[in-house]
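The structure under discussion appears below in the form of structure tokens.
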Amino acid sequence: MQHINFNNIGKICYGPGSFSQLEEIIEPRRVDNKGYMVFVVDDYFEGKELATQIPALENDRVYFIDASHDEPKTSQIDELRDELLADQGLPSGIIGIGGGSIMDIAKALALMVTNEGSSVLYQGLNLIKKPGIYHCGVPTISGTGAECSMTAVLSGPEKKLGLKCEWTVFNQVVLDPTLTASVPKDQWFYTGMDTFIHCIESATGIKYNTFSKAYGDQSIALCNEVFLGENAGQNPENDEKLMLASLFGGLSLTYSEVGVCHALSYGLSFVFGTRHGYANCLAFNHLKDVYGEAVDQFHGMLERFAVKLPQNLSADWTDEEITAMAQIAIRLEHMWNHAFGPDWKNKVSMEYIESLYRRM
Ligand code: NAD
Ligand code: ZN
């Protein structure tokens with residue numbers, strides 16, 4: 001058996017207010033390459049107080065990026081990379097301040113500034129040829145686990161798939177839970193559920209093991225406090241808990257795998273542009289036969305926060321759209337393999353996957 005030998009985050013600075021340490025954290029790296037830093041920041045923060053606290057120097061570049069419509073695209077990364085290299089050469093580092101979308105842009109950009117050609121060429125496992133540059137992640141929503149994962153998920157012309165390799169992992173993260181206080185309730189819920197679902201899927205499959213369980217159990221316990229506990233909801237204490245739940249959920253996954261829900265979710269995102277956390281919720285809502293009690297818990301959380309998911313969505317989908325989603329989903333063989341075992345092809349057909357979409 002081949003054991004995973006994974007690259008963890010280089011350094012973690014954690015705690016309410018830790019964002020104020022970003023300046024001194026990145027300072028030693030400013031001598032690298034052409035001596036300038038690139039900040040990619042969720043444009044929600046443009047004009048807000050946080051924007052005034054970004055430790056950018058004169059030669060640095062600050063990009064405020066809209067993450068409210070589309071998830072990151074290969075073309076977006078290629079364009080940003082070409083612009084940076086043409087204007088100022090190789091940066092010292094990339095700092096991503098935002099949710100999963102922005103963190104993935106930072107991770108992908110850090111790799112693509114040293115790897116030639118389009119990022120489309122590198123969508124997959126270990127296709128990246130050269131190490132990227134220093135990169136630092138500062139999450140402003142909790143749940144995706146993008147702060148610790150070895151993938152930067154991008155939608156390309158043919159697939160939604162990550163640039164996945166050990167160099168993708170952040171050299172540094174700054175986990176400041178106060179940055180998540182302003183997340184709108186529904187978004188907080190959907191992205192938070194990403195963590196919960198990561199842990200349930202991680203635990204329900206052939207790759208599950210003691211390492212995944214140790215992190216996953218802790219993450220689920222924290223999610224239960226945040227979403228079902230006495231003091232459930234968005235508050236400073238829970239912001240801390242959810243930020244750690246996200247990290248632990250991500251670490252649980254590193255040694256395991258996601259499953260049916262994420263495979264379906266990727267199809268929804270690719271065909272309709274449905275956002276990741278929300279797409280997961282749409283799918284998980286109808287997977288009681290696969291994930292059992294966890295789906296009941298999920299329904300309890302929906303109820304607790306009066307989050308209403310649409311019903312009968314599939315009534316408006318064409319057969320072609322459903323087939324297109326199933327085609328995206330079935331290609332995620334590692335997820336089906338984890339969920340149903342090596343003979344998954346005997347259980348999972350295009351018809352089966354299409355039937356799962358028709359439930360939604
Ligand atoms: P997001 O980054 O897509 O942002 C969602 C919305 O929240 C945006 O409108 C953004 O402007 C807003 N927002 C962010 N922080 C805010 C704040 N503090 N206050 C107010 N608004 C704020 O959300 P997400 O759910 O964190 O990320 C989803 C993305 O992450 C998808 O692109 C998905 O593919 C990716 N993802 C990556 C991994 C990975 O391991 N790399 C894992 C899961 C998901
Ligand atoms: Zn996810």
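The values are calculated or read from the model by the stated rules, or taken from the named source; none is laboratory data. It should be emphasised that the depicted structure is a prediction, and the values quoted were computed from it without experimental measurement. Cβ atoms come from the backbone with ideal geometry, glycine included; neighbour counts cover every protein chain shown. Remember, those area values only see protein heavy atoms, side chains included, never the ligands or the DNA or RNA. Shrake-Rupley method; radii C 1.70, N 1.55, O 1.52, S 1.80 Å.
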TODO: Above 22 angstrom, tally the Cα pairs of region 109-260 and express them as a % of all pairs, no decimals.
DONE: 44 percent
- [ ] Take the alpha carbon atoms of region 332-360, find their center, do the same for region 139-181, and report the distance between the two centers in whole angstrom.
- [x] 26 Å
- [ ] For region 50-122 and region 306-325, write down the distance between their C-alpha centroids in whole Å.
- [x] 33 Å
Task: VAL62 long-range amide H proximity, modeled H, under 5 Å - done: PHE39
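What accessible area per residue comes out for the chain, rounded to a whole number of Å², with a 1.4 Å probe?
Numbers: 15130 Å² over 360 residues.
Accessible area per residue, the chain: 42 Å².
Tell me, rounded to the nearest percent, the portion of alpha carbon pairs in region 11-180 spaced more than 19 Å apart. Walk me through the numbers on the way to the answer.
Working: 7197 of 14365 pairs.
Counting pairs separated by more than 19 Å, the tail of P(r) holds 50 percent.
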Open item on the list: What does the extension gain come out to for PHE272 and ALA221, with contour length at 0.36 nm per residue minus their alpha carbon separation?
Closed with: 15.1 nm
Task: Calculated from backbone phi, Karplus (6.51, -1.76, 1.60) coupling profile of region 74-82 in Hz, x at Gly/Pro - done: 4, 5, 5, 5, 4, 5, 4, 4, 4
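Express the Stokes-Einstein translational diffusion coefficient of the chain in µm² s⁻¹, to the nearest whole number, given a Kirkwood radius over alpha-carbon pairs, 10 °C and a viscosity of 1.306 mPa s.
On the way: Rh = 20.6 Å.
Calculated translational D: 77 µm²/s.
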- [ ] Please list 334-340, 41-47 highest first by mean number of surrounding beta-carbon atoms within 10 Å per residue.
- [x] 334-340, 41-47
Task: Prolate/oblate/rounded call for region 185-359, Cα gyration tensor, a/c under 1.5 rounded - done: oblate
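Does region 272-360 classify as rounded, prolate or oblate by the C-alpha gyration tensor (a ≥ b ≥ c root eigenvalues; a/c under 1.5 gives rounded; else a/b over b/c gives prolate, otherwise oblate)?
Values: a/c = 2.11, a/b = 1.29, b/c = 1.64.
Since a/c reaches 1.5 but b/c is at least a/b, the shape of region 272-360 is classed as oblate.
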- [ ] Could you name the lysines whose alpha carbon sits less than 27 Å from that of LYS185, not counting residues in the same chain fewer than 8 places away?
- [x] LYS48, LYS73, LYS107, LYS160, LYS241, LYS288, LYS308
Open item on the list: Could you give each residue of region 216-223 its phi-based ³J(HN,Hα) in whole Hz, using Karplus coefficients 6.51, -1.76, 1.60 with θ = phi - 60°, and x for Gly or Pro?
Closed with: x, 4, 5, 5, 5, 4, 5, 4
Task: Among THR191, PRO55, GLY341 - extreme Cα towards positive end, dipole of the chain, charges at beta-carbon - done: GLY341
- [ ] Please work out how much length the chain gains when fully extended from VAL31 to ASN59, using 0.36 nm per residue of separation minus the C-alpha to C-alpha distance, in nm with one decimal.
- [x] 8.8 nm
TODO: Tabulate in residue order the Karplus-calculated ³J(HN,Hα) for region 46-53, using 6.51 cos²θ - 1.76 cosθ + 1.60 with θ = phi - 60°, rounded to whole Hz; enter x for Gly and Pro.
DONE: 4, x, 8, 4, 4, 4, 6, 9
- [ ] Kindly work out what percent of the DSSP beta bridges joining two residues of the chain are antiparallel, to the nearest 5.
- [x] 15 percent
TODO: Would you mind computing, in nm to one decimal, how far apart the modelled labels at ALA232 and ALA181 are, each placed 7 Å from Cα along Cα→Cβ?
DONE: 2.4 nm
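To the nearest 20 debye, what is the magnitude of the charge dipole of region 11-180 about its Cα centre, counting +1 on the Cβ of each Lys and Arg and -1 on the Cβ of each Asp and Glu?
Working: 14 positive and 24 negative charges, 129 e Å.
Once rounded to the nearest 20, the dipole reads 620 debye.
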TODO: Just the number, please: carbon plus sulfur as a percent of the accessible area of the chain, 1.4 Å probe, no ligands or DNA/RNA counted.
DONE: 50 percent
- [ ] Obtain the nm distance between the two label points defined at GLU83 and LYS11 by a simple spin-label model: each point lies 7 Å from its Cα along the Cα-to-C-beta direction.
- [x] 2.9 nm
- [ ] Evaluate the charge dipole of the chain about its Cα centre and quote only its size in Debye, nearest 20, assuming +1 on the Cβ of each Lys and Arg and -1 on the Cβ of each Asp and Glu.
- [x] 800 debye
TODO: With label points built 7 Å along Cα→Cβ from the Cα atoms of ASN126 and LEU313, find their separation and express it in nm.
DONE: 3.5 nm
Task: MRE, 222 nm, helices only [DSSP H, n ≥ 4, -39500 (n - 2.57), over the chain, to nearest 500] - done: -14000 deg cm²/dmol
Open item on the list: I need the per residue convex hull volume for region 1-103, using only the alpha carbons, in cubic angstrom as a whole number.
Closed with: 162 Å³
TODO: Collect residues whose amide H, placed 1.01 Å from N in the peptide plane, falls under 5 Å from the amide H of ALA67; neighbours closer than 5 in sequence don't count.
DONE: ASP43, TYR44
